[in-house]
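As structure tokens, the structure follows; a few thoughts come after it.
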Amino acid sequence: MSLTALQEQRGRLVTQAREALDEIKSNTDESRAAELDQRHDAIMAEFDKVEANIAREERLAKIEGESREAEERAREQRRPGANGEQRGSDDGDKVDYRTAFAQWLAAGGDKSEMSAEARSVLAGGFHKPEERAQTTSNTAGGYTIPTEVMPELVKSMLAWGPMYDPGVTREMVTSSGNPLTFPTVNDTAVTAGASGGEAVTLTDDGGKDATFGQKTLGAYAFDTEWLRVSKELADDSIFNMESVLADLLGERLGRIANLNLTTGNGSTAPNGIVTAAAAATAAASTSAITYDEILNFEHSVDPAYRTGPKVRYMMHDTTLLAIRKLKDGDGNYLWQMGNVQQGVPNVINGRPYSINQAMANVGSGAGSKVLLFGDFGKYVVRKVGGILIGAIQDKDFWPGFGIAGYIRFDGELLDTAAVKSLPLAAS
């Protein structure tokens, strides 16, 4: 189905879902209301599938567009007279890094089977990932994949982990991984001193002193483990393979980063947002939350942290489904659909939300922290350098090769009053 057809289908589903909701009134028969509920849920399930298909089609269209542009640039470079060349002096097609890398894969890593020009281009684009015994010699490999794949890796990481997305949290990129110490202070509960009257000396007993602390961000290393690529795949589908590898490695890196930035223990991994956030008053149930509890939870966060571009809810998709079914006292649904045509996001109680599959959900059991709310701009994700992708060929992988991803990062909630979690009842 074309992208236009998918977008039209999405619009129809939104209309149908709204019609199902609007048909439920306070005097609607209970069985009919249940039927409309089921219809609404079925429509929204189909809506989610269409949204995923649209995202894939848009991404594919972008990749295809970039590929066409690259081919057009290559043709322009080969055109007689381009780059100041005289007509009749065409030296043939020039080898770019992508073509050189394709030759290396097809040759099973044997550079002697590559053209001299391709070897020169590959050497010029070489980046040694780390000083390890198996990657420092020519026979061991150690070549990075073409740089065109890197943006796709980042996009995949963001799609699979909202905590790694700089649009959700605060991002800090550094070139090295040395510890970074941040002074912290929470002065929200301290007020000015009372007036002592005329000519009375100001109190100086230390009772209003600011209390400072500190948080440290380090750099934890994570990898995807090796992904084995066969010689046949390298020979037969080299250009498609780059996109496949970008998806696979991006998803793996995204899940690694998001999991640790969500529930990391702060000792052998980042201090995840769920771990760091203070717990609000628990819900009354071990398997559900109510509209009133959500309102109380939101207002348990100080008003100073309820404004700003990164204030939001965060939850597992199963928790979102439970919230979608909640109604207020007038029988109206809490969840509000945004305007997909105008790009208005979906909201809960007027607040945006992010889906995080690394969080517990309402079915996870007693005591589970199922909802986060607050200013996620106070959670800092420290990223060390860029994403590292390395390919290697040795006796374990030959005649194919292995490829893996590697990242370093840390995360910390610098102000623990900024984000809170809502746990289910303990028992």
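The values are calculated or read from the model by the stated rules, or taken from the named source; none is laboratory data. Just so we're clear, the structure is a prediction, and the values are computed from it rather than from any experiment. Here the Cβ is made from the backbone with ideal geometry for all residues, glycine too, and neighbour counts use every protein chain on show. Just the protein is used for accessible areas: all its heavy atoms, side chains included, with ligands, DNA and RNA removed. Shrake-Rupley method; radii C 1.70, N 1.55, O 1.52, S 1.80 Å.
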Considering only segment 12-49, state which residues are open to solvent by 90 Å² or more (accessible area, probe 1.4 Å) and closer than 18 Å to residue 326 by Cβ.
18, 25, 26, 30, 38, 39
For residue 257, are the conditions met, namely being open to solvent by less than 70 Å² (accessible area, probe 1.4 Å), assigned to a loop (DSSP other than H, G, I, E, B), modelled with pLDDT of 85 or more and in contact with a helix residue (DSSP H, G or I) (Cβ under 7 Å, 6 or more places away or on another chain)?
no
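A quick yes/no check of all residues on (1) among the charged types (D, E, K, R); (2) in contact with a strand residue (DSSP E or B) (Cβ under 8 Å, 6 or more places away or on another chain):
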position	(1), (2)
274	no, yes
288	no, no
302	yes, no
306	yes, yes
Would it be correct to say that residue 156 is open to solvent by 90 Å² or more (accessible area, probe 1.4 Å), out of contact with any Phe, Trp or Tyr (no Cβ under 7 Å at 6 or more places or on another chain), of a type in the set (Ser, Thr, Tyr) and modelled with pLDDT of 70 or more?
no
